[in-house]
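Structure first, commentary second.
The values are calculated or read from the model by the stated rules, or taken from the named source; none is laboratory data. Keep in mind that what you see is a predicted model, and the values were worked out from it rather than measured. Positions of Cβ are backbone-derived with ideal geometry, glycine not excepted, and every protein chain shown enters the neighbour counts. The area values use the complete protein model at the heavy-atom level, side chains included, leaving out ligands, DNA and RNA. Shrake-Rupley method; radii C 1.70, N 1.55, O 1.52, S 1.80 Å.
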Amino acid sequence: MAELQVSGIPDPAMAADLAEFIGLLDRLRVWGGNPSFRTVASLVGPLLRPPQPVSKSTIADMFQPGRRRLNQDLVVAVVRALGLDERAVDQWRKAYVRVHAQAKTRPRGHLAPAELSADLIDFTGRAAVVERLLALLDERPARPVGPVVLTAISGQGGVGKTSLAIHVAHRVVTRFPDGQLQADLQGAGPVPVAPHDVLGRFLRALGMAPESIAGALEERAAQYRSMLAKQRVLILLDNVRDAAQVRLLLPGAGSSVALITSRSSLAGLDGANRVTLGAMDEEDSLRLLTRIAGESAVNASPEATDDLLRLCAGLPLAIRIAAARLATEPALTARRLVARLHDESARLNELQVEDRAVRATFAVGYDSLGPAARNAFALLALVPGQTVSLPAAAALLDGSPQSTEEVLAELLDAALLEPAGPKRYRFHDLIKVFAVECAHDAFADADGNLRSHSEAAVDRLLEWYLHTAVEAATAIHPNRRAVERDPIPPGRVSLTFTDPATALDWGDREQANLTAAVHHARRTGRHRQAWQLAITLWSQFQVRSAWADWIATHELALESAAELGDTAAQSWILNCLSPAYQGVGRYQDAIGSLERALDIRLQTDDLRGAASCLINIGFIRGELGEHDQAITATRRALTIYQELGFRAGQMLARINIGELDSRRGKPEDAVEHFQRALADSIEIGDRYQQGKILANLAASQLALERHGEAAQHATQAAALCKEQGNRFDEATSYRTLGLVAAAKGQNRLATTDFNRAIAIFTELEAPEAEETRRIADRVTGRQS
């Protein structure tokens with residue numbers, strides 16, 4: 001301030017009230033060269049946001065000493081126009097806020113309400129959300145908005161909604177010179193606060209005499225809106241249950257703003273700007289832990305710190321509790337706390353300190369649920385996997401999709417469930433632990449075993465997964481045999497698929513859940529479901545080259561089939577397991593599995609199954625360069641299939657013989673076998689294998705320099721393989737097209753086809769990507 005006085009600039013801090021402030025503003029105009037009101041108006045207009053014309057009379061009115069209120073935007077723009085720097089502008093802004101807080105718009109002696117709770121000194125992160133809220137609460141919005149801005153912050157308990165709202169409110173407090181109101185509406189509790197009571201308190205805070213406050217709810221609301229109409233007040237409404245509870249607490253005309261927190265999205269609140277708060281990211285989680293627990297506690301064991309943050313799963317309340325314990329319990333280290341948290345049954349016990357507890361926060365939302373939603377919440381805890389789709393949830397809950405969606409919507413509104421995509425849901429990690437506790441309380445007997453109600457629900461889910469997986473496998477490989485399963489109960493339906501691509505898309509979305517379902521079935525003694533579901537997933541795993549899940553599920557399936565003493569199932573699983581072993585380079589394990597399967601099938605006179613084993617043995621022998629043994633095994637399989645009259649088997653045998661002939665440098669023989677296999681595939685309607693055969697046929701014709709035929713069949717193959725979701729052979733077809741174009745000297749076209757192939761191989765993480773890149777460089781003469 002001293003600099004302002006020395007330089008002759010009027011000091012705004014000298015203003016005791018609004019009249020003195022206006023007088024000092026007039027002295028500032030004189031200091032700035034005493035420009036006319038018209039000149040000031042022309043300078044001020046472009047400084048407003050958005051820029052707008054300002055009249056001479058508007059500026060002249062500002063300097064009238066009898067005014068009871070000024071427009072802050074105009075004051076700031078005038079001060080800037082008169083030549084002050086931003087530091088001085090900020091001093092004038094603060095003086096404006098101070099004198100307006102004491103303005104005579106309130107009863108004599110009444111102070112503006114300042115009810116905001118204290119801001120957290122260690123508030124951390126949420127930078128993007130904070131900036132968005134600051135923009136929404138901006139006193140000078142960049143675009144036209146309605147007279148009221150409503151900001152609804154939703155999110156699960158413990159995610160930091162209230163802390164964020166209070167922090168943001170403190171950031172914008174100077175923009176609301178007429179005060180701040182705050183109320184906890186206790187919407188997540190059993191007895192929410194009535195709007196009637198909140199209105200009474202707010203009216204008294206705003207200066208209305210108690211005896212003047214109306215008794216009727218609607219009249220109180222009208223008085224409240226009238227008092228706010230000419231004021232700029234920030235209203236923080238915390239912990240709101242629903243739109244009905246808060247609707248009458250919103251300002252009407254004027255520039256007051258309501259900032260709302262709720263576990264619900266408040267879908268019925270018209271005009272709300274909603275911000276959904278999720279888990280904190282890793283960087284902010286670490287910063288928060290460090291600020292509270294201290295760098296020494298955090299840096300003592302970085303690995304334990306990482307585990308601790310993972311177990312807290314980005315929930316600010318959990319991080320704060322863990323950090324507080326590290327800071328206040330000398331014997332507790334991050335490593336020791338992590339060891340305790342690893343026990344899921346005790347995790348929520350560890351995440352509590354004094355009156356703060358993660359479990360209690362979740363329980364508030366759970367206690368607000370109706371009976372059906374509570375039952376659903378507990379049953380969903382038993383779902384294997386991280387997500388659940390609406391149809392799967394309907395099977396679990398034994399309800400229709402419509403009724404199930406209504407129940408899940410209640411869980412979403414209570415922030416106990418999160419959306420994980422269209423018609424797909426998931427638990428936050430810590431809420432999943434709480435849900436498991438609820439399931440145990442609801443369904444476990446005295447010995448801790450789940451009762452029949454919940455076991456039946458899991459059975460329904462696993463059967464639904466099995467039936468839908470069979471439908472998907474049939475769409476992908478129509479001629480592959482399916483497991484004999486129990487009929488699906490009346491009233492429940494599995495999904496169906498019209499083509500391989502949609503079936504594969506479903507499998508991609510559900511693969512992690514289906515794999516988890518196999519593990520769960522094996523672990524809980526559901527051996528039939530374990531092996532049948534695993535064997536049904538073969539088509540998905542085979543097309544997607546999902547080696548890890550393929551091996552894990554089929555090895556579990558083999559254990560379950562052995563538990564049942566089902567040798568036929570064991571042979572089937574062993575046969576299907578071998579390509580996965582081969583895919584990861586475990587060739588001896590692959591051959592060993594096939595030989596075990598072949599022995600079982602020969603002993604049980606399962607000739608079709610034996611032929612399948614022989615085909616696979618031939619394929620692996622070919623991969624190992626043992627071509628004579630490979631041809632012998634595959635021709636033996638072809639003979640069996642011919643004797644059985646099984647065209648699909650004959651097709652597969654001829655494909656393998658053709659591939660073996662290609663490797664042995666006999667493209668003429670390969671073309672013959674591929675053409676006969678193609679005829680088989682067309683006759684039985686197997687479009688998946690048809691695309692694969694065409695890709696192989698094109699490559700063999702290219703080797704014979706039959707470029708026209710090769711290009712024709714490769715083009716057909718690329719389209720069919722794309723349609724069927726066979727990305728690998730689609731890429732192979734593009735590579736063949738690239739080689740044909742290069743052979744014709746069409747290098748630009750060749751480069752396009754090679755790039756298509758390389759992109760797909762790269763996406764599949766296949767080594768053929770680099771191999772194709774080298775071929776392209778060589779045949780087109782391009783530089784890598």
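Tell me the per residue accessible area of the chain using a 1.4 Å probe; a whole number in Å² is fine.
On the way: 34830 Å² over 784 residues.
In whole numbers, the chain has 44 Å² accessible per residue.
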Inset, instruction - Specify the inter-centroid distance of region 360-376 and region 492-514, based on alpha-carbon positions, in whole Å. - result: 32 Å
Legend entry - Label-to-label distance, nm, for residues given as residue 722 and residue 191 (7 Å Cα→Cβ offset): 6.7 nm
Inset, instruction - Measure nothing fancy, just the Cα-based angle from helix 217-228's long axis to the longest principal axis of the chain, in degrees from 0 to 90, nearest 10. - result: 70 degrees
Inset, instruction - Compute the acute angle (0 to 90°) between the alpha-carbon long axis of helix 547-564 and the principal axis of greatest extent of the alpha-carbon atoms of the chain; round to the nearest 10°. - result: 70 degrees
Legend entry - Stretch gain in nm, segment residue 247-residue 34, where the contour uses 0.36 nm per residue and the Cα spacing is subtracted: 71.8 nm
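Compute the projected area of the convex hull of the Cα atoms of region 598-756, averaged over all viewing directions, and report it in nm² to one decimal place. Working shown, then result.
Working: hull surface 38.0 nm².
Spelled out: convex hull of the Cα atoms, projected over all directions, averaged, 9.5 nm².
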Inset, instruction - Please name which of 341, 386, 111 has its Cα lying farthest along the dipole of the chain towards the positive end, using unit charges on Cβ (Lys, Arg +1; Asp, Glu -1) and the Cα centre as origin. - result: 111
Legend entry - Values of log10 I(q)/I(0), in the order q = 0.16, 0.22 Å⁻¹, for region 291-428 under a Debye, Cα-only, solvent-free model: -0.86, -1.23
Legend entry - Computed P(r) (all Cα pairs; the chain; 10 Å bins; percent): 2, 11, 15, 16, 15, 13, 11, 8, 5, 3, 1, 0
Inset, instruction - Using 0.36 nm per residue of separation minus the Cα-Cα distance, give me the extension gain between residue 493 and residue 548 in nm, one decimal. - result: 16.8 nm
Inset, instruction - Assuming R0 = 35 Å, can you tell me the calculated FRET efficiency for the pair residue 759 and residue 420, based on Cβ-Cβ distance, to the nearest 0.05? - result: 0.80
Legend entry - In degrees, nearest ten, helix 627-644 long axis to first principal axis of the chain (Cα): 80 degrees
Legend entry - Shape parameters for region 175-305, alpha-carbon atoms, Rg then Dmax in Å: 19.7, 64
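Run lengths n ≥ 4 of DSSP H only: what is the helix-derived mean residue ellipticity at 222 nm for the chain, with -39500 (n - 2.57) per run over all residues, to the nearest 500? Don't skip to the end; give the middle numbers.
On the way: 38 runs with 491 residues, N = 784.
It lands at -20000 deg cm²/dmol.
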Inset, instruction - Could you check the simple spin-label distance between residue 73 and residue 214, using points 7 Å along Cα→Cβ, in nm with one decimal? - result: 3.1 nm
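Given a Förster distance of 56 Å, report the FRET efficiency between residue 523 and residue 644 from their Cβ-Cβ distance, rounded to the nearest 0.05. Mind dumping the intermediate values first?
Details: r = 38 Å, r/R0 = 0.69.
According to the calculation, E is roughly 0.90.
Using r as the Cβ-Cβ distance of residue 115 and residue 501, and R0 as 35 Å, what FRET efficiency do you calculate, to the nearest 0.05?
About 0.05, to the nearest 0.05.
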Legend entry - 19 Å reach of a label modelled at residue 336, 7 Å along Cα-to-Cβ, counting backbone N of region 346-389: 346-354
Inset, instruction - Find which of 99, 269, 556 sits farthest along the positive direction of the dipole of the chain, computed with +1 on the beta-carbon of Lys and Arg, -1 on that of Asp and Glu, about the Cα centre. - result: 99
Legend entry - Under the Karplus curve 6.51 cos²θ - 1.76 cosθ + 1.60, θ = phi - 60°, whole-Hz ³J(HN,Hα) for region 240-250, x wherever Gly or Pro sits: 7, 7, 8, 4, 4, 5, 10, 4, 6, 9, 8
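Using a probe of 1.4 angstrom, how much of the accessible area of the chain is carbon and sulfur, in percent? Please list the in-between numbers first.
Working: 17740 of 34830 Å².
Summing carbon and sulfur atoms, their accessible area is 51 percent of the total for the chain.
Are there trypsin sites (Lys or Arg not before Pro) in region 40-94 that DSSP marks as loop and that have at most 12 other Cβ atoms within 10 Å, and which are they? The partial results should precede the final answer.
Working: sites: 56, 67, 68, 69, 80, 87, 93, 94; in loops: 67, 68, 69.
Within region 40-94, the qualifying trypsin sites (Lys or Arg not before Pro) (loop, at most 12 other Cβ atoms within 10 Å) are 68.
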Legend entry - Excluding exposed DSSP-loop GluC sites (Glu not before Pro) (at most 13 other C-beta within 10 Å), longest clean stretch of the chain: 1-353
Legend entry - Pairwise label distance in nanometres, residue 346 with residue 672, each label 7 Å out on the Cα-Cβ vector: 7.3 nm
Legend entry - Cα radius of gyration and Dmax for region 690-768 (Å): 11.4, 32
Legend entry - Cross-link partners of residue 161 among aspartates and glutamates (Cα-Cα below 14 Å; sequence separation of 8 or more within a chain): 119, 184, 238
